[in-house]
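As structure tokens, the structure follows; a few thoughts come after it.
The values are calculated or read from the model by the stated rules, or taken from the named source; none is laboratory data. Everything numeric in this text was worked out from a predicted model, so none of it was measured. Using ideal geometry, Cβ is built from the backbone for each residue, glycine included, and neighbour counts are taken over all protein chains shown. To get the accessible areas, we keep the full protein, side chains included, count just its heavy atoms, and leave off ligands, DNA and RNA. Shrake-Rupley method; radii C 1.70, N 1.55, O 1.52, S 1.80 Å.
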Amino acid sequence: MADSTPVLILQDPLMLQFSSTVCSFLAVAITLLTLSLVAFMVYVHDGKILIQGPKNIRLLLFLICVSVYFGAASMDSQESTFSTRITRSTFFALSLVLNMSYNWLRTIDIIHNYSSVTVVRGFHALLYITYIVCFFPPCIQALPLKFKDALLYHNVTTAVSATLVLILESFFAFSCAKQLSEKTLQIRELKGEDSKAALYYPIVAKYGIWTSGASFVALGLYILYVYLNATAHHADNLQFMGTILILTELVLGVVPFSLVAMKVKLVLVSKGKIVGLSKC
């Protein structure tokens, strides 16, 4: 996830090779995951390719962008060029934006249950601000700046965008946790066995927590990496920094699998294949 790869990391061929291998594996795995999701949707809709609606389109685009990101990250680890850095940084930003957009659409009904209109509007505005800030790092990559200046500006904008994303992910996770804590018999008694709250909300809440938690950990690790990247002046922390970066990629890879698992379970519930509440 490091868009401006520091010189110290470039001098560690073992870490570079390991990082490239991990990213290649994740790129292939998420590509297969995307194809599996499309095949599943075709199967449940009797052979028709039915990928429509804002949620489904965002999820599919997110999976594609994450796959391209990991592919670019793998190539960038092997031989970092202007093209690989721009591609990596741009698709990382796209992945963040699509992930947050999808999470917002998927959890907005739950959010309305536990937040006032003012709070919802405030976080909705923060969401759009975060969309814009997420594209600052790739824009900086494209500017003809000196390496030290580019690295400084990149680190600052990355830290700001990651912090905004963490705030939003915390809000999503809080709303989902509130939903899970109240998904007992009272929901079924008050709203009925077949109500949306009883069938779908617990599934969205459960996997929403997994997704937000993974994003939170990955971005937290990345902020630590950016800090070490900006403050390191020697090679003492080389392997430690490389390990943090690889862990970041692995944790980030959990997000698409969690979102697809949620999608599959929601579809199965809607088709009557499983019972939503009892399985969550």
Would you mind telling me which numbered condition in (1) assigned to a helix (DSSP H, G or I); (2) over 30 Å from Ala29 (Cβ atoms) Pro137 fails?
(2)
Given region 1-117, what helices (runs of 4 or more DSSP H) lie entirely inside it while holding 1 or more residues that are over 28 Å from Leu266 (Cβ atoms), at pLDDT 90 or above and more than 20 Å from the chain's Cα centre (by Cα)?
13-44, 54-78
Subset tally (residues that are of a type in the set (D, E, K, R), open to solvent by 20 Å² or more (accessible area, probe 1.4 Å) and either within 17 Å of Leu219 (Cβ to Cβ) or at pLDDT 80 or above (or both)) for region 150-178:
0
Near pairs, Cβ below 7 angstrom, 6+ apart or cross-chain, from region 202-222 (closer than 11 Å to Ala173 by Cβ) to any residue that is acidic (Asp, Glu) and open to solvent by less than 10 Å² (accessible area, probe 1.4 Å):
Ser212/Glu169; Ser215/Glu169; Phe216/Glu169
Could you run through region 193-208 and say how many residues are modelled with pLDDT of 65 or more and not aliphatic (A, V, I, L, M)?
6
Cβ contacts < 7 Å: first residue open to solvent by less than 100 Å² (accessible area, probe 1.4 Å), restricted to region 11-25; second residue at pLDDT 75 or above and of a type in the set (A, V, I, L, M), any location; separation 6+ or different chain. Result?
Ser19/Leu245; Ser19/Ile246; Val22/Ile246; Val22/Leu250; Cys23/Ala73
Answer yes or no as to whether Ser115 is at negative phi, in contact with a helix residue (DSSP H, G or I) (Cβ under 8 Å, 6 or more places away or on another chain) and of a type outside the set (Val, Ile, Thr).
yes
I'd like the residue in region 100-141 that is of a type in the set (D, E, K, R) and within 17 Å of Ile203 (Cβ to Cβ) and, out of all such residues, is surrounded by the most Cβ atoms within 10 Å (Cβ to Cβ).
Arg106
